Every structure is written in C-alpha cells, then in structure tokens.
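A short worksheet on the structure shown next.
The values are calculated or read from the model by the stated rules, or taken from the named source; none is laboratory data. In this text, all values refer to a predicted model and were calculated from it rather than measured experimentally. Here the Cβ positions follow ideal geometry from the backbone for every residue, glycine too, while neighbour counts run over all protein chains shown.
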Amino acid sequence: MFDLIIKGGWILTVDDNYTEYRNGYIAIKDGVIQEVGEELRENTEAKEFIDASGKIVLPGLINTHTHAAMTLLRGYGSDNPLKVWLEKYIWPVEGKFVSYDFVRDGSYIACYEMVRNGVTTFVDMYFYENAVADSVLESGMRAVLCTGILDFPTPGTKSPEEGIEKTKDFIREYRDNPYIYPCVGPHAPYTCSPKTLEMAMRVAIDYDTLFHIHVSETQNEVEEIKSRYGNTPVKYLKEIGVLNDRVLAAHMVHPTEEEIDILSEYGVKVAHCPESNLKLASGVAPVPKMLNRGITVGIGTDGTASNDDLDVIGEISTAAKLHKGVNLNPTVLNAKQAIAMATREGAKAIRLHDKIGTIEKGKFADIILVDVNQPHLQPLFDPYTQIVYSGKGLDVDTVIVSGKVLMKNKVVLSVNKEKSISIAKNWYKTYKEML
C-alpha cells in the first residue's frame, strides 16, 4: 500500500543518464520515492492516484538564489545600475520598512509564486530568516535559508558579530527540520571585511552548512575589490581562505580564466541568475566555460526587485538562448543541460543531491507535472526542448513536496492567492503613506 502513485506521464528522471519513462509511474510512501518504472503492476494499491496522462513529470525545480521577501519591492527602483539601485532605492526603503512582518508577508507571496511556477526548493538570503522559515513551513516547500551578514547595521542586527551570532542561533533552531536547511550568508566581498568572511566560514565549517555569498556580480565590484585588496574577487577569497566546496557563489558574472580554474579546483558552486544580470546590465556570466571546467552551476532568479518574477522555467529558457547568442554557438547550454541546472545540478549546488534533484528511488518525492496538452506545447517532439523553449512556469499543473500535493490542476492548495494579492496591496498603501 503506497500513499501516492503518479501514473501515465512522460517521466524525465533527470538522473545521470537522463532516464525517461514514456508511460511511467512513481510510487511514493512516507514522502519518499519507492519505485519508478515503465509499467505499474496490476492491483498495486495506493491511498491516492494522480493521472499524469498528457503531462511531463519532472523533479521539483530548485531556485538556487533569491531574496524572497523582496516581492514587496517588485519593480521598485527599476532601470538603474546595481550600485544606484541598491544605495538610492533598495537599502533606504529596507532600512525604513523591513521587519519580521515585512519579511513574513513578502515570503508568503514568494512561496505562492514559486509553488505556482513549479519551484519546490529555494535558497534565500535576507533578514529575519525565522520569518521566511514560518512562511516556508506554512507553504510546505523546502528552503535553504541564511541571514545576510554585512559590515554595517542591517534590519535586525547592529553589527556583523551580531549577524554571526543570530546565524548560529538560527542554525541550532532549524538544523533538524526536514524542510528548513540553515546556512551562512555573508553578503559579498565588498560589504564584508576579511575578518567577517573568515568568521562566517568558521561557522559554516563548524556547523557543516552551505556558505552562500554574492561574488563578481558587476565589473564595478571587481574593480573595487582590486583597488581595496589588490586582487580580483575569487583570488582574494582564495587568499583569505574562504574558498571550498561548501561555497555557493551567486552571479559570478566576471571571473577571469584563472579564476574559473580556481573555482573548479576548489569545488565552488555557482548560482546563475541571467535575467537579473540582464536587467541590471551587470553582464553575462561565462556559464559554458564554467560547465566545461566541471563547475556545478544551478539556476537562480535573484529577488523580484531585480528580475521581476520567480519563474525558473522562464529563467532556464533565457539562459539557454542567451548563451547561444553570446557565444554564437547554438549547441552550447542545450535543453537537457538547462533542465539539469534547475534540478539535479541545483541540488548539487546546495548540497542536497542525496535528497532531491532527480526522480530516483530513495529520494524525497519532490515532483512536478507540466501540462503539455496546450497549443503552444504541441506537437511534442522532445520534452526537454519543449519545456525550455516553449514552456512557462504557469504550465505547471501539479506540485508535490515530500509526497504532499501543494498544487493540483493549477490551483495552489498550500498558499492562498487572494491573501497574497491582499498583502501586496496593503504594503503598497503603507509605502504611499510613508515614502
């Protein structure tokens, strides 16, 4: 007796061999995949069956970099360079409004949006991460969460030392939670001193967590680090001893050839955020070069203030086409690679590849169904190319996390749509009154 059986869909396991089952089934019990195969045995029993006919079945999508609560700042300060956008718009409004309630409300909206678009796990760096955790647990999603640590006062902390202590407290509180994976999040080399970065890495090592940081996002950042420390960002991080295989570096738009080799040597993972980098005119990360060096690259949306959505299918579509155009080569970053970046490789990037990222026996049942019985997704020659080049997040029909159905027939069950809209409108009224 299984808890749930998904049957009749075109299953893309996205395992190392890209195994497919054209008319397959997945049997789930206690939140874990028990069987995956081509033909379901007669008289197999389950408490619930999902008919996946006319649908592509995939591992749940993984968003390897975002700032969830920034849904409440969606579109604010648009059409400015990163430095101006941060210093003139984002940081001042965050200083005035960011609180536990702000973060909980913004994260609630983000969880709705991500579930609706097929994201089952995300990595978040922001403030009041216990508020993010509350919204994640309510939504039924999975998340890797870290408080942004900076050398100047931030919402909720007066110093980097206080940020480190709050990070430790957060890790101790959630490290045994099956849905929340605490990590350490120093913001960036230009906002954290060597001492802060070293303290943060010590915590990550002591508690065996991911170390998440923005690196080489803009050319201005690279020049600032060279001016301040006499080295480019990756070489500087290597020099102070904070590069290793637990590092997840967001953006990595401007590494040198030598730095790409260093990333490969040290096992550093990268969260590629193409749409945010395009909108902020930060540049285009050399993803094909990184992949060719064996570097693990996942897909991130960044926050909705700089993207402006949380649609990972849209993100991989942009990535696949962008790198073809930039490299004048239609074979780079093919559709299978793009899907893998949002699933299997994303799981590797966040150190959860033994738990999620593929549809295989023994892994958590984090699964999505994509409705391809639509004009813009037919005729269906190849499921990978159809999702990457024709698909949208809104084509996701069903979302399952640990065997629990969070969305069915394109209706999110775990987070309320009307409540999400109401929250956003109420915060907008607050801004209008106070800004």
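Side notes on the structure shown:
- Every condition in (1) touching a Ser or Thr at 6+ places or on another chain (Cβ under 6 Å); (2) in a loop (DSSP other than H, G, I, E, B); (3) outside the structural domain of ILE109 (by TED's automatic domain parsing) holds for VAL388 except the one numbered (2).
- Of all residues in the range 166-211, those satisfying the criterion of being outside any loop (DSSP other than H, G, I, E, B) and within 19 Å of PHE152 (Cβ to Cβ) are LYS166, THR167, VAL184, GLY185, PRO186, PRO194, LYS195, THR196, LEU197, GLU198, MET199, ALA200.
- In the range 11-25, the residues that are within 25 Å of the chain's Cα centre (by Cα) and either crowded, with 21+ Cβ neighbours inside 10 Å or part of a loop (DSSP other than H, G, I, E, B) (or both): ILE11, LEU12, THR13, VAL14, ASP15, ASP16, ASN17, TYR18, THR19
- Failed item in (1) under 20 Å from ILE149 (Cα atoms); (2) in contact (Cβ under 8 Å) with a residue 12 or more places away in the chain; (3) of a type in the set (A, V, I, L, M), with ALA110 passing the rest: (1)
Conditions tested, residue by residue: (1) assigned to a strand (DSSP E or B); (2) within 18 Å of GLY314 (Cα to Cα); (3) not aliphatic (A, V, I, L, M).
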residue: LYS47; (1), (2), (3): yes, no, yes
residue: ILE50; (1), (2), (3): yes, no, no
residue: GLU87; (1), (2), (3): no, no, yes
residue: ILE90; (1), (2), (3): no, no, no
residue: VAL103; (1), (2), (3): no, no, no
residue: TYR112; (1), (2), (3): no, yes, yes
residue: VAL115; (1), (2), (3): no, yes, no
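- Single condition GLY362 does not satisfy, out of (1) closer than 23 Å to VAL115 by Cβ; (2) not in a helix (DSSP H, G or I): (1)
- Of all residues in the range 407-423 being out of contact with any helix residue (DSSP H, G or I) (no Cβ under 6 Å at 6 or more places or on another chain) and assigned to a helix (DSSP H, G or I), the one that is farthest from ILE368 (Cα to Cα): SER422
- Scope the range 399-413; condition hydrophobic (A, V, I, L, M, F, W, C), surrounded by fewer than 24 Cβ atoms within 10 Å (Cβ to Cβ) and touching a Phe, Trp or Tyr at 6+ places or on another chain (Cβ under 9 Å); matching residues: VAL412
- Taken together, the residues in the range 221-237 that are in a helix (DSSP H, G or I), farther than 24 Å from ASP124 by Cα and either touching a helix residue (DSSP H, G or I) at 6+ places or on another chain (Cβ under 8 Å) or not acidic (Asp, Glu) (or both) amount to 7.
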